[in-house]
There are 2 protein chains.
Amino acid sequence: MEFAEPLHLQSGSSISHYSLTIETYGTLNAERSNAVLVCHALNASHHVAGHYADDPQNLGWWDNMVGPGKPLDTNRFFVIGVNNLGSCFGSTGPMSLDPLTGRPYGARFPVVTVEDWVNAQARVADAFGIDRFAAVMGGSLGGMQALAWSILYPERVGHCIIVASTPKLSAQNIAFNEVARSAILSDPDFHGGDYYAHNIKPRRGLRVARMIGHITYLSDDDMASKFGRALRRAEGALDAYNFNFEVEFEVESYLRYQGDKFADFFDANTYLLITRALDYFDPAKAYDGNLTAALAGTSAQYLVISFGTDWRFAPARSREIVKALLDHKRAVTYGEIDAPHGHDAFLLDDPRYHNLVRAYYERIAEEVGA
Amino acid sequence: MEFAEPLHLQSGSSISHYSLTIETYGTLNAERSNAVLVCHALNASHHVAGHYADDPQNLGWWDNMVGPGKPLDTNRFFVIGVNNLGSCFGSTGPMSLDPLTGRPYGARFPVVTVEDWVNAQARVADAFGIDRFAAVMGGSLGGMQALAWSILYPERVGHCIIVASTPKLSAQNIAFNEVARSAILSDPDFHGGDYYAHNIKPRRGLRVARMIGHITYLSDDDMASKFGRALRRAEGALDAYNFNFEVEFEVESYLRYQGDKFADFFDANTYLLITRALDYFDPAKAYDGNLTAALAGTSAQYLVISFGTDWRFAPARSREIVKALLDHKRAVTYGEIDAPHGHDAFLLDDPRYHNLVRAYYERIAEEVGA
């Protein structure tokens, strides 16, 4: 979807012409009342559910949640996935050609915020003629977008579904992002963000960034039960140390594999942009840190879900949102799921979690006649 | 202290001739009954307490704990600090010249373990004519050495003081070490460990490694109260975002500063070696994971201390040690200190913590006539 009208960004700069890659599922009803926007987190995209005919392996990132008969049932709802501005899966981003120079934006791509993404998504809704979403939904950074939607466009959001998210990053969250960015920024192959011109990628930095991320996505207990101290050994080999710095433990093998895979498909400038958008998100900032004040203008109904072992965005962070909403007597359903999988739980198929979302969407379907 | 007798290492290799840098405090009594060995953690050294006449800024790393009138009172005890083999503060390590080649060991320095260090420390005790330590004490990795002493040389350890430690790393602990090592190993200036010959250091890797480490040393709450989301701004400047990837938050400034400082003074090969020694430590491994069985031969008395907000080596890890010791009806004093400072608490001056250690040493002093 092409946009010729400039988008003014929170930083004060603007982007004059851009495109967003979009995927939709289901059918928009005549009243246009059954639309749901699904917002993605750091490394995902518009490709929320299903697979393409020519690429059966590439399942959408929330395929267990979204689809025919799934908790967000595409037989009833019209679901839109948007690849955010600055991401690297087809939408305009640092890899795109800057019309002013004819070369990739690289480091000159403007810093974007959660609010900028929401404004860009609102134009997508406009293009579909959707005045009001039945729901805006997202997990982690996607949940921040859903929350921001309900603040910036209260009249356009019926329900706001916020999973495994937070009203703002903690110092520790920012610290992890900063280490990841430092690994990328200090990679000699980064070339100040213009690595495209050198026909290379800052793979080492991206790899380390992703390894750090992965540790924060899993719980300590989950890592213990998945890997423990098991050594990476061929069948029948001695269960003894090799005394070197190669892969020794299973958990090392897993992290290296995840890091290498990520460095293959992700763009380093996008990683910087998106982690910065995470850092900056803080709707209470304009209200002296008072989240209740920041949510005064909201009018959506809310479903907030957290996971007990999520130490990236712990349940206490979700409860801050719930508390601020209850200060305004908003209708809030809150579910704290006792899942062992840490932050990653929001992407996994847990029946208690999925049944809660399913029941909530059934209520929405009745409301909007979906 | 020079050692000409080869030291056989757990890996099967050996080191033929080596030296250890040592610092002592107080006076060894005539019975040689008042000696205490203090073992250091990742980035510390033999320089446990006090300062040198020509370098008043360089305080010993446990100066608040060790000294005249301090909890470990050097007016009563003879305290030994040993820089471990493979470290970079004067003892033989990767920066030292390999007598076989006349060049620095670099990556050819053998992998050492906690048990190897303990064996090397035992030779130091021999050189002083100390048959039995009144106590062996350490925090974090130092606590692992104290525990290993009580297993390997039960007859030579009166008391074993283990602070903020664990009987083995968890998968998550290993994962953090692996990311730190990956940052170093993938730094182009690492040159396979032979960066000395290139007259350069893998500073970028060391910097990222240290930044990761720092996050795990502090508690989430401590980071929140120290830095929160405060922006790094000149006095009177606007409290607004700059929208770039430079230092924006105070916590970023802190991490970059700590990373840069560490890259100046620490050796990358030593970082690899010491994190590997941490990974490998697991006295229960030879007993099918049964820690109780591993501690069957111990005979020391124990003081075990943990800190409530330490998420690197949480109190539950100390309690595993306590439980295994109680299975053998060993005399164990266990203190769980409700301090906000995370893992770093073991280095800080908390009165409840220090009073506990002080009282324990008073008991030892009576026992050994110190």
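A few notes on this one:
- Residue match in the range A:90-98 (condition: touching a residue at least 40 places away in the same chain (Cβ under 8 Å) and of a type in the set (A, V, I, L, M, F, W, C)): yes
- Single residue of the range B:308-361 satisfying the filter (under 28 Å from residue B:176 (Cα atoms) and among the polar types (S, T, N, Q)) that is surrounded by the most Cβ atoms within 10 Å (Cβ to Cβ): B:318
- Lone qualifier among B:162, B:174 - being crowded, with 24+ Cβ neighbours inside 10 Å and part of a helix (DSSP H, G or I): B:174
- Residue in the range A:219-229 that is among the hydroxyl-bearing types (Ser, Thr, Tyr), touching a Gly at 6+ places or on another chain (Cβ under 9 Å), more than 11 Å from every other protein chain (Cβ to nearest Cβ) and touching a residue at least 40 places away in the same chain (Cβ under 8 Å) present: no
- Matching option when the condition is away from chain A (no Cβ under 14 Å) and modelled with pLDDT of 95 or more, among B:118, B:114: B:118
- Set B:270, B:298: member being among the β-branched types (Val, Ile, Thr), assigned by the TED database to the domain that holds residue B:350 and within 26 Å of the chain's Cα centre (by Cα): B:298
- Within the range B:156-179, residues that are at the interface with chain A (Cβ under 7 Å from one of its Cβ atoms) have Cβ atoms under 9 Å from residues that are assigned to a strand (DSSP E or B) and at pLDDT below 95 in no pair, counting only partners at least 6 apart in sequence or on another chain.
- Selection status of residue B:65, over 30 Å from residue A:243 (Cβ atoms) and not acidic (Asp, Glu): yes
- Residue list for the range A:209-241, filter: closer than 17 Å to residue A:314 by Cα, in contact with a Lys or Arg (Cβ under 8 Å, 6 or more places away or on another chain) and acidic (Asp, Glu): none
- Just one of (1) closer than 23 Å to residue A:32 by Cβ; (2) buried (at least 22 other Cβ atoms within 10 Å of the Cβ) fails for residue A:73. It is (2).
- Residues that are assigned by the TED database to the domain that holds residue B:161, touching a Gly at 6+ places or on another chain (Cβ under 7 Å), assigned to a loop (DSSP other than H, G, I, E, B) and modelled with pLDDT of 95 or more do not occur anywhere in the range B:343-366.
- Some residue of the range A:28-35 being buried (at least 22 other Cβ atoms within 10 Å of the Cβ) and not basic (Lys, Arg): yes
- Summed over the range B:232-242, the residues that are facing another protein chain (nearest Cβ under 10 Å) and either crowded, with 17+ Cβ neighbours inside 10 Å or not hydrophobic (A, V, I, L, M, F, W, C) (or both) give a count of 3.
- Qualifying residue in the range A:209-220 (condition: within 30 Å of residue A:270 (Cα to Cα) and basic (Lys, Arg)): yes
- The numbered conditions (1) within 21 Å of residue B:4 (Cβ to Cβ); (2) of a type in the set (A, V, I, L, M, F, W, C); (3) assigned to a loop (DSSP other than H, G, I, E, B) are all true for residue B:41 except (1).
- Of all residues in the range A:8-24, those satisfying the criterion of being away from every other protein chain (no Cβ under 14 Å) and surrounded by fewer than 19 Cβ atoms within 10 Å (Cβ to Cβ) are A:16, A:17, A:19, A:21, A:22, A:24.
- Matching residues in the range B:301-335 - criterion: being within 13 Å of residue B:143 (Cβ to Cβ), aliphatic (A, V, I, L, M) and not in a helix (DSSP H, G or I): B:303, B:304, B:305
- The range B:101-148: number of residues that are at positive phi and without any contact (Cβ under 8 Å) to a residue 60 or more places away in the chain: 1
- Pick from the range B:120-133, criterion of a type outside the set (S, T, N, Q) and under 20 Å from the mean Cα position of the chain (by Cα), ranking: surrounded by the most Cβ atoms within 10 Å (Cβ to Cβ): B:133
- On the stretch given as the range A:302-325, residues that are within 21 Å of the chain's Cα centre (by Cα) and farther than 23 Å from residue A:219 by Cα total 3.
- Test result for residue B:30, part of a loop (DSSP other than H, G, I, E, B), without any contact (Cβ under 8 Å) to a residue 40 or more places away in the chain, assigned by the TED database to the domain that holds residue B:18 and over 23 Å from residue B:142 (Cα atoms): yes
- Count of the range B:340-370 residues which are touching a residue at least 60 places away in the same chain (Cβ under 8 Å) and more than 16 Å from residue B:73 (Cα to Cα): 9
- Taking the range A:134-155 as the range and being surrounded by fewer than 24 Cβ atoms within 10 Å (Cβ to Cβ) and either among the β-branched types (Val, Ile, Thr) or touching a strand residue (DSSP E or B) at 6+ places or on another chain (Cβ under 6 Å) (or both) as the test, only A:151 passes.
- The residue that is surrounded by the fewest Cβ atoms within 10 Å (Cβ to Cβ), among those in the range B:180-207 that are of a type outside the set (D, E, K, R) and more than 11 Å from chain A (Cβ to nearest Cβ), is B:199.
- Yes/no for residue A:144 being assigned by the TED database to the domain that holds residue A:38 and in a helix (DSSP H, G or I): yes
- Check on residue B:94, within 14 Å of chain A (Cβ to nearest Cβ), touching a strand residue (DSSP E or B) at 6+ places or on another chain (Cβ under 9 Å), closer than 28 Å to residue B:63 by Cβ and not β-branched (Val, Ile, Thr): yes
- Candidates A:53, A:107 - the one that is modelled with pLDDT under 95 and in contact with a Pro (Cβ under 8 Å, 6 or more places away or on another chain): A:107
- Residues satisfying the stated conditions in the range A:243-296, i.e. part of a loop (DSSP other than H, G, I, E, B), surrounded by 15 or more Cβ atoms within 10 Å (Cβ to Cβ), of a type outside the set (A, V, I, L, M) and facing chain B (nearest Cβ under 9 Å): A:243, A:245, A:248, A:282
- Residue check, residue B:151 farther than 28 Å from residue B:213 by Cβ and β-branched (Val, Ile, Thr): no
The values are calculated or read from the model by the stated rules, or taken from the named source; none is laboratory data. Keep in mind that what you see is a predicted model, and the values were worked out from it rather than measured. With ideal geometry, Cβ positions are generated from the backbone for all residues, glycine too; neighbour counts draw on all protein chains shown.
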